[in-house]
Structure formats: structure tokens, C-alpha cells
Amino acid sequence: MRENMSLLSFWGLIFSLIAVTLFVVIYSYQKNKNANQNIVEDLRQRSVDIYLAAKTGEAETDSQKFRGAADEIERLRAETSVLFWLIIAINAAVIIIFSLAYRIF
């Protein structure tokens with residue numbers, strides 16, 4: 001009975017890690033599919049257009065805000081990509097470690 005419970009716990013853990021990994025992959029895919037991929041370029045173009053249209057202090061402030069928003073979106077996308085692959089790598093490492101530990105012990 002103890003061996004069966006240990007095996008059941010092992011496979012339960014492996015399946016839960018696989019489920020989390022699949023959830024992250026599907027969530028990221030859906031998020032990227034629905035996201036506007038050109039938003040950074042649009043914000044930067046609007047920044048230039050506003051600045052060129054009216055050379056006032058207010059236009060320059062608005063232009064800087066658009067440019068700042070584009071930079072922030074680009075930074076967040078890079079961080080999201082890193083976190084996505086980090087989650088996948090951690091789950092894969094845990095599955096490998098548990099598989100090796102189960103075989104050894």
C-alpha cells in the first residue's frame with residue numbers, strides 16, 4: 001500500500017506540474033493572440049505626429065507620454081517573455097528532479 005501511495009503521489013505531482021505548464025502556455029498564447037502587436041509602433045508614431053503637428057509645450061508633453069508608454073509596454077513584454085520561459089524551465093527542472101529522485105530512492 002505504501003508503494004502505491006508513493007507512486008500515486010509522484011504521478012499526481014508530475015501531472016499537476018504539467019497542468020500548470022500547459023495553463024501558462026495556453027494563457028500566454030491567448031494573451032498574445034488577442035493583443036495588439038503594433039501598439040508600440042502606433043504609440044511612437046503618434047508621439048512623432050503630435051510633436052510635429054503643434055510645436056507647443058503641451059504637444060511635447062503628450063509626445064513624451066506616448067513615447068514613455070511605448071517604452072513601458074516594450075519593457076513589460078520582455079519581462080513577460082522571460083517569466084514565461086522561467087516558469088516552463090522551473091517546471092521542467094522539478095519534473096526531472098522528482099523523476100530522478102523517484103528512480104534513485
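Would you mind finding the one in Phe98, Phe66, Phe23 that is more than 30 Å from Ser6 (Cα to Cα), assigned to a helix (DSSP H, G or I) and aromatic (Phe, Trp, Tyr)?
Phe66
Are any residues in segment 39-63 among the basic types (Lys, Arg) and either part of a helix (DSSP H, G or I) or closer than 30 Å to Thr21 by Cβ (or both), and if so, which ones?
The answer is Arg44, Arg46.
Is it the case that Ser9 is open to solvent by less than 80 Å² (accessible area, probe 1.4 Å), assigned to a helix (DSSP H, G or I) and modelled with pLDDT under 80?
yes
Please determine, by comparing only the residues of segment 75-104 that are charged (D, E, K, R) and at pLDDT 85 or above, which one is most open to solvent (accessible area, probe 1.4 Å).
The selected residue is Arg75.
Take the residues of segment 43-68 that are under 21 Å from Ser81 (Cβ atoms) and touching a residue at least 12 places away in the same chain (Cβ under 8 Å): which is surrounded by the fewest Cβ atoms within 10 Å (Cβ to Cβ)?
Ranking the qualifying residues of segment 43-68, first place goes to Arg44.
The values are calculated or read from the model by the stated rules, or taken from the named source; none is laboratory data. What you see is a predicted model; the values in this text were computed from it and never measured. All Cβ positions, glycine included, derive from the backbone under ideal geometry; neighbour counts span all protein chains shown. Surface areas here come from the heavy atoms of the whole protein model, side chains and all, with no ligands, DNA or RNA. Shrake-Rupley method; radii C 1.70, N 1.55, O 1.52, S 1.80 Å.
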